[in-house]
Amino acid sequence: MARLQVGASWVALLFISVAILSVPAAAARSIGDVKDLSQLTQLKIKSTAALVIDLDTNTTLFERDADVVRPIASISKIFGALVIAEDCKLDADALHEMSPSNRDAAKGGDKTKLTTGWSYSHKDLLHAALMRSDNRALPALAESCGLDPASLAAKMTERARRMGLTKTFFKEPDGLSAENVSTAREVMVALKESMKNSVLTEIMAKPEYVIVAHKGDRTRDIKIKNTDRLLSKNIAQILAGKTGYTDIARYCLAVAAKTFEGRQLGMVFLGAEGKHTRFADFTRVIKWLTSNEAIAAASKAPTSPLSQPAENGSAAASGAVGKKDSAQIPMKPEEAGSVEVE
């Protein structure tokens, strides 16, 4: 009889174990709100290459072909912005007249809002490059630095080497060339490096901005919106990011974000086939790592957390339109006070 009781106990234990394992993933998360990071592998991430890391611990949470070399389209502009911010001694408010050579350097790209013959401040050009991904902006900034586009691209490759990146190369500054390549892991390094520069981070976190065009005594305002659509969604606080697309690279995204529970994440998605896939991949990860209660509370909030001032008090991270923004372009961090369709 004792042997029968022991056997029955084992049968009961086996039954309970099977029952627990059969609980759907969503239901399992609700039990004590346990976030099993190993289960991220079950997510249906659709981008060809992907990398998700915890920025606080530098722990890899998910990766797929993160070391495969691929074209990165306009994510190239992160590297270009690093070179402009660190190596060029530009007055942020000084004006640059958009020249025919700047126009020619952007041929084959998406429509521009930077008209030849009109002048724009260096600060506004940096916003145009990182937010709207305007392909005339970096060549114009390079010209102000005394560089042609090829020279800027060479400096971008050199900057990648200084970061220890061996698989990243640039043919031109904007990402129009299929020879602008990197990997998801190396793009993540560049994204983290750009976040050390407060001006670049503030620009990338702005949903919209107003550029002022000058021609003689005339001025006109040009409103631009960030190509990162996540900035308009109440899913997480976007800290920095850059999108990219060419016919060969497909849809790309590099983004840093903070969940409503305070977890800081970095994500890179390359080679997504659908226009919205990269953003959907981001949302899948955020929803998995954020409790249902936190998401529900955020959806009921009277204002989006993205509209609240950042902890450092920056107007940029709060999403303010930047027409009168007086931020400077620091030349070094310590001085800081195919068709392209994003």
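Taking the numbered list (1) outside any helix (DSSP H, G or I); (2) within 16 Å of the chain's Cα centre (by Cα); (3) at pLDDT below 95 in turn, Leu306 passes all entries but (1). Applying the set (1) at pLDDT 80 or above; (2) in contact with a Pro (Cβ under 6 Å, 6 or more places away or on another chain) to Cys252 leaves exactly one unmet item: (2). Among residues of segment 149-163 that are of a type in the set (D, E, K, R), none has a Cβ under 6 angstrom from a residue that is buried (at least 17 other Cβ atoms within 10 Å of the Cβ) and outside any helix (DSSP H, G or I) at a sequence gap of 6+ or on a separate chain. Here the condition is being surrounded by fewer than 17 Cβ atoms within 10 Å (Cβ to Cβ) and either touching an Asp or Glu at 6+ places or on another chain (Cβ under 6 Å) or not polar (S, T, N, Q) (or both); of Ala178, Ala213, Ala184, Ala190, it holds for Ala178 alone. The residues of segment 93-137 that are touching a Leu at 6+ places or on another chain (Cβ under 8 Å), more than 23 Å from Thr201 (Cβ to Cβ), small (Gly, Ala, Ser) and at pLDDT 95 or above amount to a single one, Ser119. Of everything in segment 52-76, what is under 28 Å from Arg250 (Cβ atoms) and part of a loop (DSSP other than H, G, I, E, B)? Give them in sequence order. Those that are under 28 Å from Arg250 (Cβ atoms) and part of a loop (DSSP other than H, G, I, E, B): Leu55, Asn58, Asp65, Ala66, Asp67, Val68, Val69, Ile72. Residues in segment 59-92 that are at positive phi and either modelled with pLDDT under 95 or under 14 Å from the mean Cα position of the chain (by Cα) (or both): Ala73 only. Residues that are at pLDDT 95 or above and closer than 17 Å to Ala50 by Cβ: does segment 172-182 have at least one? Yes: segment 172-182 contains one or more residues that are at pLDDT 95 or above and closer than 17 Å to Ala50 by Cβ.
The listed residues are Ser119, Ser133, Ser151, and the only one of them that is more than 26 Å from Leu239 (Cα to Cα), surrounded by 17 or more Cβ atoms within 10 Å (Cβ to Cβ) and of a type in the set (S, T, N, Q) turns out to be Ser119. Consider segment 154-168 and keep the residues that are buried (at least 19 other Cβ atoms within 10 Å of the Cβ) and among the basic types (Lys, Arg). The one that is farthest from Leu90 (Cα to Cα) is Arg159.
Using the structure shown, decide if Thr166 is more than 18 Å from the chain's Cα centre (by Cα), part of a helix (DSSP H, G or I) and at negative phi. Considered against the rule, which asks whether it is more than 18 Å from the chain's Cα centre (by Cα), part of a helix (DSSP H, G or I) and at negative phi, Thr166 comes out as no. Residues of segment 77-128 that are assigned to a helix (DSSP H, G or I) and among the charged types (D, E, K, R): Lys77, Glu86, Asp87, Arg103, Asp104, Lys123, Asp124.
For segment 169-207, a residue qualifies if it is under 23 Å from Asn226 (Cα atoms), over 12 Å from the mean Cα position of the chain (by Cα), in a loop (DSSP other than H, G, I, E, B) and not aliphatic (A, V, I, L, M), and the qualifying residues are Glu172, Pro173, Asp174, Gly175, Ser177, Asn180, Lys196, Asn197, Pro207.
Kindly check whether there is at least one residue in segment 231-253 that is part of a helix (DSSP H, G or I) and either of a type in the set (Lys, Arg) or at negative phi (or both). Looking for residues that are part of a helix (DSSP H, G or I) and either of a type in the set (Lys, Arg) or at negative phi (or both), one finds at least one in segment 231-253, hence yes.
The values are calculated or read from the model by the stated rules, or taken from the named source; none is laboratory data. Everything quoted here is computed from the prediction, not taken from an experiment. Counting neighbours? That spans all protein chains shown, and the Cβs are built from the backbone with ideal geometry, glycine included.
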